[in-house]
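Every number here is computed from the coordinates shown, using simple stated rules; none is lab data. The model shown is predicted, which means the values in this text are computed figures rather than measured ones. A quick note on method: Cβ atoms are made from the backbone with ideal geometry, for glycine too, and the neighbour counts reach across all protein chains shown.
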């Protein structure tokens, strides 16, 4: 049998899907978590070598037979994390995670000879703390010795690609999120800061959908991986768009993971809203995306608050069930579910109007409603980039039907639940399948997933008007 692998090096661990090229089905799944350390408030790191070892453990866990053959693999990642490396690919420090706040402020970019608006117009990527460049420039100013020692700053995606190819390799999807990609010319912005442009920005970078090379053997490499190509694939959100079947005009892909992010397929980039990130897809397509910072991380906080742990297993379904026993509005309990205000820096999360009548069921319901309102704010933002129809969801909270019903009623959209929860890994596999000619292009590959649906949820007509009024009130309190 012949396969491609889709690999998502996510916020908390590695996910691998093995996709059978003949049956067009996912036939194997591997998952291993790794450790991220909260050094202090605003400082979050992880061991790059732990990331690499977890990745290789997952590869060996696949356990194919001697008759099986992997033709190609693609690695995706959220890419807000950066790893300083030397020419031999040795990490010079811990990986600086996406949520680490060591970053220059947007208005500080002017000292590099460019304004915030000029920077955004070139890169299509807002200069927020998630942006790799804002972190890299912080290290240039505050830890100069480390900065001068670094040959390059790689995303985990490119770090693992480079390890497999045994040479430093950067890809367009990663340098976009690292903040030095020219969105109009679809190439590295190699002179973005004039004479102040760091040397690593001028390193050669490879386009999406390309076969980057054949994996270099290592001591105990499985025989079924010999001769496999490494393919350059997009980041996790655009890969999720492909894997969820949302490469259809008007469909929205919504990742219900750690943070909720919405994106759509587009034939052009969009610069009308300075908070929208313009991701790229193979074939010359774009994928504008936006998220307010709210997401599953807030429900993790709720779980820790109520139970002291997030390891609830079936307890998540129990929380979803009790939320449905509470009427819309949660008896006037309001929650603004923001723990990480990257794109909403002046908005404070909080719980308002709590009283003695409120129970844990009210807290869960109010958290759901706040998350749905935040999703609608993101929806209104992303709709500036194009007309929208249905929302295709995937990720952790896509399995919670009670939340999805609230989301559908608040947004007044049909919610289509992807059968494959690991849509980002699947998207990486589908781009790899295109590279080995199993599909003609990513549109065809994505359309192969459109009927692979776990559930369809429609707005509750009795609640739509109520939530529309509630949304206006929410935005007023949030401002």
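If you rank 353, 392, 365, 15 by fewest surrounding Cβ atoms within 10 Å, what's the result? Write down the numbers at each step before the final one.
On the way: 353 13, 392 26, 365 29, 15 23.
Result, fewest neighbours first: 353, 15, 392, 365.
Can you tell me the FRET efficiency between residue 20 and residue 313 if r is taken as the Cβ-Cβ distance and R0 is 35 Å, rounded to the nearest 0.05?
Working: r = 29 Å, r/R0 = 0.84.
My answer for the efficiency is 0.75.
Find how much the distance from residue 473 to residue 90 grows on full extension, using 0.36 nm per residue of separation minus their present alpha carbon separation; answer in nm with one decimal.
Values: separation 383, 0.36 × 383 = 137.88 nm, distance 5.17 nm.
Difference between extended and current length: 132.7 nm.
Roughly what % of DSSP beta bridges within the range 137-275 run antiparallel, to the nearest 5? Write out the running numbers ahead of the final one.
Working: 10 of 12 bridges.
Given both bridge residues lie in the range 137-275, the antiparallel proportion sits at roughly 85 percent.
Taking neighbour counts of Cβ atoms within 10 Å as a proxy for exposure, in what order, fewest first, do 41, 172, 362, 12 appear? List each step's numbers first, then the result.
Values: 41 7, 172 20, 362 23, 12 13.
In order of increasing Cβ crowding within 10 Å: 41, 12, 172, 362.
Looking at the calculated P(r) for the range 1-136, what percent of the C-alpha pair distances fall above 22 Å?
Details: 4755 of 9180 pairs.
I get 52 percent for the Cα pairs in the range 1-136 exceeding 22 Å.
Estimate the FRET efficiency between residue 359 and residue 441 by the formula 1/(1 + (r/R0)^6), using the beta-carbon distance for r and 51 Å for R0, to the nearest 0.05. Mind showing how you got there, number by number?
On the way: r = 52 Å, r/R0 = 1.01.
Taking R0 as 51 Å, the efficiency between residue 359 and residue 441 is 0.50.
I need the shape label for the range 214-301. Rule: rounded when a/c is under 1.5, else prolate if a/b > b/c, else oblate, with a, b, c from the alpha carbon gyration tensor.
Values: a/c = 2.66, a/b = 1.58, b/c = 1.68.
Oblate shape, in that a/c is at least 1.5 and b/c is the bigger or equal ratio.
Read through the labelled values [x] 24.3; [y] 22.7; [z] 23.3 and report the label of the one computed as Kirkwood radius over Cα pairs in Å from the structure.
Recomputing Kirkwood radius over Cα pairs in Å here gives the entry labelled [y].
Among DSSP beta bridges lying fully in the range 2-231, give the percent that are antiparallel, nearest 5.
The antiparallel fraction comes to roughly 70 percent.
Going by average Cβ neighbours within 10 Å, how do the peptides 369-381, 446-458 rank, with the highest at the top?
Values: 369-381: 23.5, 446-458: 15.8.
Result, highest mean first: 369-381, 446-458.
Determine the gain in length on full extension of the stretch residue 305-residue 66; use 0.36 nm per residue of separation and subtract their C-alpha separation, reporting nm with one decimal.
Stretched fully, the residue 305-residue 66 segment lengthens by 81.2 nm.
Quick one: if you stick a label point 7 Å off each Cα along the C-beta vector at residue 456 and residue 111, how many nm between them?
So the label points at residue 456 and residue 111 sit 5.6 nm apart.
Quick one: plug the Kirkwood hydrodynamic radius of the range 399-479 (C-alpha pairs) into Stokes-Einstein at 37 °C, 0.692 mPa s, and report D in µm²/s.
Details: Rh = 15.0 Å.
Answer from the Stokes-Einstein relation: 219 µm²/s.
What's the FRET efficiency of residue 199 with residue 47 using the Cβ-Cβ distance as r and R₀ = 22 Å, to the nearest 0.05? Write down the numbers at each step before the final one.
Numbers: r = 26 Å, r/R0 = 1.20.
That gives a FRET efficiency of 0.25.
The range 355-400 to the range 198-262: how many Å between their Cα centroids?
If you average the Cα positions of each part, the centres end up 27 Å apart.
Could you give the angle, 0 to 90 degrees to the nearest 10, between helix 156-165's Cα long axis and the longest principal axis of the Cα atoms of the chain?
Helix 156-165 sits roughly 30 degrees off the main axis of the chain.
Calculate how many DSSP beta bridges within the chain are antiparallel, expressed in % of all such bridges and rounded to the nearest 5. Working shown, then result.
On the way: 49 of 69 bridges.
The antiparallel fraction comes to roughly 70 percent.
Would you mind ranking 27, 436 so that the residue whose beta carbon has the fewest other beta carbons within 10 Å leads the list? Write out the running numbers ahead of the final one.
Working: 27 13, 436 16.
Going from least to most buried by this count: 27, 436.
Once every DSSP H run of n ≥ 4 in the chain is given -39500 (n - 2.57) and the sum is divided by its residues, what mean residue ellipticity at 222 nm do you get, rounded to the nearest 500 deg cm²/dmol?
Working: 14 runs with 155 residues, N = 479.
When only DSSP H runs of four or more count, the value is -10000 deg cm²/dmol.
Tell me the label-point distance for the pair residue 2, residue 387, using the 7 Å Cα-to-Cβ offset, in nm and rounded to one decimal.
Computed distance between label sites residue 2 and residue 387 equals 4.0 nm.
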